[in-house]
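Here the structure comes first, spelled out in structure tokens, and everything after it is commentary.
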Amino acid sequence: MGGSLNANHLMFLGYGALWTIGLSLIGLLGGGIAGFIVALCRISPSRIVRLISTGYVQLIQGTPLLVIMFLTYFGLPALGVTVSPLMAAGASLTIFVSAYLGEIWRGCFESVPKPQWEAAEGLALSRSQRMMKVILPQAVRIATPPTVGFMVQIIKNTSLASVVGFVELARSGQIINNSLFEPFLIYTIIAVIYFALCYPLSLFSHRLEKRGGPARIELEAA
Amino acid sequence: MHKITRTDTASSVVGLSNVHKSFGALKVLNGVSFEVNRGEVLVLIGRSGSGKSTALRCIDRFETIDSGEIVVCGHRVSDPKLNLRALRQDVGIVFQSYNLFPHLTIEENITLAPCSVKGISKAQAKEQARRVLAQVGLEDKLHQYPEQLSGGQQQRAAIARSLAMQPKVMLFDEVTSALDPELTGEVLKVIEALAADGMTMVMVTHEMGFARGIANRVVFMHHGKVHETGPAAILTSPATPELAQFVGTGL
């Protein structure tokens, strides 16, 4: 027991940090794809599709990510489906991120001025053409700063995967601390690494916001 | 209540017949009927809230009507099973706020619909873009973005975008209301040239001098009804006191 912090420990932490990044990317990619679908459903012309997707978003936003992790990791095996920590963490994050990004992106779609939708309709473009060629390119500009900002939330939330035994940065810190009993030192290091991952993203998001993000979106007269 | 009065005759392009429309408890259109023949310019005038913009938007089904009938280029607009995209290929609409797509160049704005809706080739569409831009005097703005253009230029580009779809009728919804007098002039000149070319048009405008010069027919709307209608001459010698007061000839 004991000993002092050495290069092996730092290597182990670095490895954990890599998994934190990996899990964040899984959450961003999976949640991004699912969230895009959620956003489209939320503005669907069909009432039933809107209702279902609204229910999904409210359900997920009203459930702690920790509980979603427990449900997928401990709940599914009770139903006969075994999942690895990586699968459980990845799936939980995907679900969690999809609800939040879906909602952020719905707002971005809707903040493209209504006359833009009408102009596209007036030119006889189909709904998918209006979406892909007129609304989406403008929504992407609006969506970039808040999406980059939300990536910070994703990174921090991956630490919850430690409860299902997934060894990411927080969990690897715990493991090292269990042998070294240097909680202040180790958790300070962990905090610094998280900060180093998140701060550049926050900064980038702020810069995008200041630059006006949607540079070419004119304010509507009238 | 009169039955639909043959709005599908060869020369009739737009026909409204006893159209009613409410927004909630507010009755906006209260039995509106008028007809526009091929090559005609119909100008809708009236106070704010008189229903003129709503009437115009109903023609392109941006608003649905409660009762009555609208027939545009053979499309029964009031029919719930209407093929909306077919209607909108025949009808061009230009808005007060231009509504050019800010992420596309002027050329891309103009070629988007012809390429994606009519399926014509990129090269053909670009050729056409040059032609319609020349028509509105903006042939040098092909590769600029909307934000690089003045309001008047943007509105002319929006007109060109509509023209590229080769509509059978053009609707103009207060297209100069956001422009100063000088820029208004350049836009009106473009519209005059279109009228001279024989384009069928319905427009809502507050430019009385312009209306007098261009209108084959004037429809004065008041409280959701056609209060007075006739040739442009009614603007100088109105028959009803309401129109007289509106055009300010009460002196």
Report, in debye and to the nearest 20, how large the dipole of region A:8-210 comes out about its Cα centre when Lys and Arg carry +1 and Asp and Glu carry -1 on their Cβ.
-> 580 debye
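Would you work out the relative contact order for chain A, in percent, from Cα pairs under 8 angstrom that are 6 or more residues apart? Don't skip to the answer; put the middle values down first.
Values: 245 pairs, mean separation 65.8, N = 222.
Relative CO of chain A lands at 30 percent.
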When the charge dipole of chain B is computed with +1 on Lys and Arg Cβ and -1 on Asp and Glu Cβ about the Cα centre, the Cα farthest towards its positive end, among B:His143, B:Val32, B:Pro238, belongs to B:Val32
If you look for lysine pairs in chain B that are eight or more places apart or on different chains, how many of them have Cα atoms under 14 Å apart?
-> 7
The size of the Cβ-based charge dipole (Lys, Arg +1; Asp, Glu -1) of chain B about the Cα centre, to the nearest 20 debye, is 700 debye
Per-residue mean of C-beta atoms belonging to partner chains within 10 Å, peptide B:90-99 | 5
Chain A: most fluctuating residue of A:Pro145, A:Pro64, A:Pro85 per GNM, C-alpha cutoff 10 Å = A:Pro64
Pick from A:Gly35, A:Gly27, A:Gly75: which residue has the top mean-square fluctuation in a GNM of chain A where Cα pairs under 10 Å get a spring?
-> A:Gly75
Where in chain A are the DSSP H helices whose alpha-carbon span along the long axis reaches 30 Å or more and whose Kyte-Doolittle mean is at least 1.0?
-> A:7-42, A:183-210
Which of A:Ile176, A:Ser202, A:Ser98 sits farthest toward the positive end of the charge dipole of region A:8-210, with +1 on the Cβ of Lys and Arg and -1 on the Cβ of Asp and Glu?
-> A:Ser98
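Pairs of Cα atoms under 8 Å, at least six residues apart: use those to get the relative contact order of region B:54-148, whole percent.
Working: 73 pairs, mean separation 20.6, N = 95.
The normalised contact order for region B:54-148 reaches 22 percent.
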What 222 nm value per residue comes from the helices of the protein assembly as shown, counting each DSSP H run with n ≥ 4 as -39,500 (n - 2.57) and dividing by all residues, nearest 500 deg cm²/dmol?
-> -16000 deg cm²/dmol
Which value, in debye to the nearest 20, gives the size of the charge dipole of the protein assembly as shown about its Cα centre, when Lys and Arg are +1 and Asp and Glu are -1 at the Cβ?
-> 800 debye
Could you check which residue among A:Ala124, A:Ala39, A:Ala191 shows the biggest mean-square fluctuation in a GNM of chain A with a 10 Å Cα cutoff?
-> A:Ala124
Tell me, what is the percent relative contact order of chain B, built from C-alpha pairs under 8 Å that lie six or more residues apart?
-> 26 percent
DSSP loop (so not H, G, I, E, B), at most 11 other Cβ within 10 Å: list which trypsin sites (Lys or Arg not before Pro) in region B:1-109 pass both filters.
-> B:Lys3, B:Arg6, B:Lys81
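Taking other Cβ within 10 Å of each residue's Cβ, how do A:Thr188, A:Thr158 sort, fewest first?
Placing the least packed residue first, the sequence is A:Thr188, A:Thr158.
For B:Val226, what charge total do you get from the other residues with a beta carbon under 13 Å from its beta carbon, if Lys and Arg give +1 and Asp and Glu give -1?
Working: positive: B:Lys52, B:Arg217, B:Lys225; negative: B:Glu35, B:Glu228, B:Glu242.
Net local charge, B:Val226 excluded: 0.
Any read-out appearing in this document is the output of simple, stated calculations on the displayed coordinates, not a laboratory observation. Computed from a prediction, not measured in an experiment: that's the story for all the values here. Backbone-built Cβ (ideal geometry, glycine too); neighbour counts: all protein chains shown.
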